[in-house]
Amino acid sequence: MGRVEGKVAIVTGGAQGLGKADCEALVREGARVVVTDVKEAEGRATAAELNALRPGSAIFLKQDVRDEQRWIEVVAAAVETFGGLHILVNNAGMVRMGTPDVVTLEDFRLHSAVMSEGVFLGCKHAIPAMAKSGGGSIINVSSVASHLGYPVYFSYTAAKGAVRAMTKSLAVWCQMNKWNIRVNSIHPGATDTEMVQNSARELGVSVDVFRETGPGLGRPEDVANVVLFLASEESKYLNGAELLLDNALTIQ
């Protein structure tokens with residue numbers, strides 16, 4: 001038996017990067033996964049790869065996490081297709097540069113809508129389905145930026161800080177209602193993904209700078225292994241926690 005055998009997961013931003021690695025880890029260990037993303041071609045390709053790995057293990061649904069009605073449809077599709085819902089990985093994200101003095105209100109609101117509101121909507125609509133399925137695990141992807149001062153990514157930092165705070169309230173709420181749903185947040189440092197590579201280019205540096213200095217550059221599978229642990233029963237007493245995946249960056 002796999003570590004998440006028989007469980008059903010939704011992974012947002014699952015077409016590539018950290019989300020794709022999360023999907024692969026979950027499918028390898030027995031889960032069936034609803035891959036969602038705004039990137040349709042990449043998402044369908046990821047679902048095809050997952051089904052090649054384990055037939056019948058995945059479907060792709062195009063989703064903008066800012067759209068509440070689409071959240072309702074995605075959760076319903078997971079239950080209808082696979083018979084329940086046990087795991088939600090709120091991974092969808094974005095990042096644009098901008099210090100507090102120059103960032104526009106529009107850009108600030110966009111970051112908040114994708115990451116803060118997207119996490120809120122996902123949890124709001126997934127929790128009832130998870131409770132009916134007997135409980136489960138929600139993994140909210142925050143960032144080390146929620147613990148450190150990154151003024152050059154001011155909007156991103158603010159949105160990820162909201163994810164960190166919401167996670168704790170959601171964990172207590174689910175526990176109060178005895179739904180058997182755990183809610184934890186993970187806080188990756190710099191990881192070798194397209195988003196980090198694009199950020200490095202925006203800063204005018206090579207991504208090799210991250211590899212060669214300080215804690216170095218993590219791999220998507222480093223994060224996916226922790227997501228898998230949190231999704232499994234191995235972490236059944238871990239709730240409301242924030243896990244820093246940063247090779248000691250935040251304590252230096």
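The values are calculated or read from the model by the stated rules, or taken from the named source; none is laboratory data. Remember, it's a predicted structure, so these values are computed and weren't measured experimentally. Every residue, glycine as well, gets a Cβ built from its backbone with ideal geometry; the counts of neighbours run over all protein chains shown. Accessible surface areas use protein heavy atoms only, side chains included; no ligands, DNA or RNA. Shrake-Rupley method; radii C 1.70, N 1.55, O 1.52, S 1.80 Å.
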Taking the alpha-carbon centre of each part, the distance from region 110-188 to region 1-77 in Å is 18 Å
Rounded to the nearest 10, the angle in degrees between the Cα long axis of helix 40-53 and the longest principal axis of the Cα atoms of the chain comes to 50 degrees
With the 1.4 Å probe rolled over protein heavy atoms, region 101-203 has an accessible area per residue in Å² of 44 Å²
Other residues with Cβ under 10 Å from the Cβ of Ala21 give, with Lys and Arg +1 and Asp and Glu -1, a net charge of -2
For Ile10, other-chain or 5+-apart residues with amide H closer than 5 Å (H placed, Pro excluded) are Val34, Ile87, Leu88, Val89
Computed from the beta carbon distance with a Förster radius of 35 Å, FRET efficiency for Thr250 and Glu49 to the nearest 0.05 stands at 0.55
Counting sequence-distant residues (5 or more places) and residues on other chains, those with an amide H built under 5 Å from that of Ile181 are Gly136
Counting Lys and Arg as +1 and Asp and Glu as -1 over every other residue whose Cβ sits under 12 Å from the Cβ of Met130, the net charge comes to +4
With Rg from the Cα atoms and Rh as the Kirkwood inverse mean 1/r over Cα pairs, the chain has an Rg/Rh of 0.95
In nm, the gap between the two label points placed 7 Å beyond Cα toward Cβ at Lys168 and Val152 is 2.9 nm
Over the chain, the sum of -39500 (n - 2.57) across DSSP H runs of at least four, divided by residue number and rounded to 500 deg cm²/dmol, gives at 222 nm -14000 deg cm²/dmol
Restricting to Cα pairs under 8 Å and 6 or more apart, the percent relative contact order of the chain works out to 20 percent
In nm, the gap between the two label points placed 7 Å beyond Cα toward Cβ at Ala41 and Asn177 is 4.1 nm
Cross-link reach from Lys20 to aspartates and glutamates, straight Cα distance under 18 Å and at least 8 residues apart if same chain, gives Glu29, Asp37, Glu40, Glu42, Glu49, Asp64, Asp192, Glu194, Glu221, Asp222
Here region 84-91 yields Karplus 3J(HN,Hα) values (6.51, -1.76, 1.60; θ = phi - 60°; whole Hz; Gly and Pro given as x) of x, 8, 10, 9, 10, 10, 7, 10
The percentage of the accessible area of the chain (probe 1.4 Å, all protein chains present) made up of carbon and sulfur atoms, to the nearest whole number, is 54 percent
The lysines whose Cα lies under 19 Å from the Cα of Lys160, excluding any fewer than 8 residues away in the same chain, are Lys124, Lys168
